[in-house]
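Colleague: The structure's right below; bear with me while I get my questions together.
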Amino acid sequence: AIVCKLEVHRCRNTHRGYIAMLAVEKELRGKKIGSKLVRLCLDQMRDLGADECVLETEFTNEGALALYRSMGFVKEKRLHKYYLNGNDAYRLKYLFKLPQGFYDGLGCLGPPMDPLKLDEAPAQGIPEGQEEEEKAAEVVQGADS
């Protein structure tokens, strides 16, 4: 079973997917069922325009960490005493596309947004001029073939 959602991030003008739970019965583990469920979620999120997907997993859960690492997730931060048992968690993040402001040196978080002005935020996408640079690079690569 997998539980996930997609919504607008409350502080930034991004569409954030979230995987709340992934569970595969012990007898069925090792058959790539977890990978297939995560891939289905990520594919659906991508189709719906997600910018990123996040989840938390216990820092001792080596199986989950290996699964998500193999799918392209990276550790965003460690959350101390996140679980009721007192254990820490890692927040993992998968980027579908680089955030607005990345090419301006603002990093992976992009610029913070005023939650009251989300409707006024500029559309995300490829920065001006970059699309032309990419087309030019494709032409050059094609000439080398």
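Colleague: Quick one: is residue 118 over 15 Å from the mean Cα position of the chain (by Cα), under 23 Å from residue 15 (Cβ atoms) and modelled with pLDDT of 95 or more? It would help to see each step written out before you state the result.
Modeller: Details: over 15 Å from the mean Cα position of the chain (by Cα): yes; under 23 Å from residue 15 (Cβ atoms): yes; modelled with pLDDT of 95 or more: no.
No, not satisfied.
Colleague: A further question on this structure: If residue 64 meets every condition in (1) under 22 Å from residue 7 (Cβ atoms); (2) open to solvent by less than 30 Å² (accessible area, probe 1.4 Å) apart from one, which number is that one?
Modeller: Failed condition: (1).
Colleague: For segment 22-57, give me each residue that is among the aliphatic types (A, V, I, L, M), in a helix (DSSP H, G or I) and either open to solvent by 30 Å² or more (accessible area, probe 1.4 Å) or over 12 Å from residue 96 (Cβ atoms) (or both).
Modeller: Scanning segment 22-57 gives 28, 33, 37, 38, 40.
Colleague: Okay, next question. Taking the condition of being assigned to a loop (DSSP other than H, G, I, E, B) and in contact (Cβ under 8 Å) with a residue 12 or more places away in the chain, how many residues in segment 58-105 meet it? Before you say what the answer is, go through the steps one by one.
Modeller: Applying the first criterion (assigned to a loop (DSSP other than H, G, I, E, B)) to segment 58-105 yields 59-61, 71-73, 80-88, 96-101, 105.
Restricting the remaining residues to those that are in contact (Cβ under 8 Å) with a residue 12 or more places away in the chain gives 59-60, 71-73, 82-83, 87-88, 96-97, 99-100.
Result for segment 58-105: 13.
Colleague: Would a scan of segment 23-34 turn up a residue that is at pLDDT below 95, farther than 16 Å from residue 3 by Cβ and in contact with a strand residue (DSSP E or B) (Cβ under 7 Å, 6 or more places away or on another chain)?
Modeller: no
Colleague: Can you tell me which condition residue 37 does not meet? The list is (1) under 25 Å from residue 12 (Cα atoms); (2) at pLDDT 95 or above, and all the others hold.
Modeller: Residue 37 satisfies all of (1) under 25 Å from residue 12 (Cα atoms); (2) at pLDDT 95 or above except (1).
Colleague: Considering only segment 4-21, state which residues are among the hydrophobic types (A, V, I, L, M, F, W, C) and part of a loop (DSSP other than H, G, I, E, B). Talk me through it step by step, then tell me what you get.
Modeller: Of all residues in segment 4-21, those among the hydrophobic types (A, V, I, L, M, F, W, C) come to 4, 6, 8, 11, 19-21.
Selection gives 11 alone.
Colleague: Right, another one. Among the residues of segment 70-85, write down those that are in contact with a strand residue (DSSP E or B) (Cβ under 8 Å, 6 or more places away or on another chain) and over 17 Å from residue 33 (Cβ atoms). Steps first, answer last, please.
Modeller: Of all residues in segment 70-85, those in contact with a strand residue (DSSP E or B) (Cβ under 8 Å, 6 or more places away or on another chain) come to 71-79, 82-83.
Once the filter is applied, which keeps residues that are in contact with a strand residue (DSSP E or B) (Cβ under 8 Å, 6 or more places away or on another chain) and over 17 Å from residue 33 (Cβ atoms), segment 70-85 yields 72, 73, 74, 75, 76, 77, 78, 79, 82, 83.
The values are calculated or read from the model by the stated rules, or taken from the named source; none is laboratory data. The shown structure was predicted, so the numbers you read here are calculated from the model rather than taken from an experiment. Cβ atoms come from the backbone with ideal geometry, glycine included; neighbour counts cover every protein chain shown. In case anyone asks, the SASA skips ligands and DNA or RNA and just uses the protein heavy atoms, side chains included. Shrake-Rupley method; radii C 1.70, N 1.55, O 1.52, S 1.80 Å.
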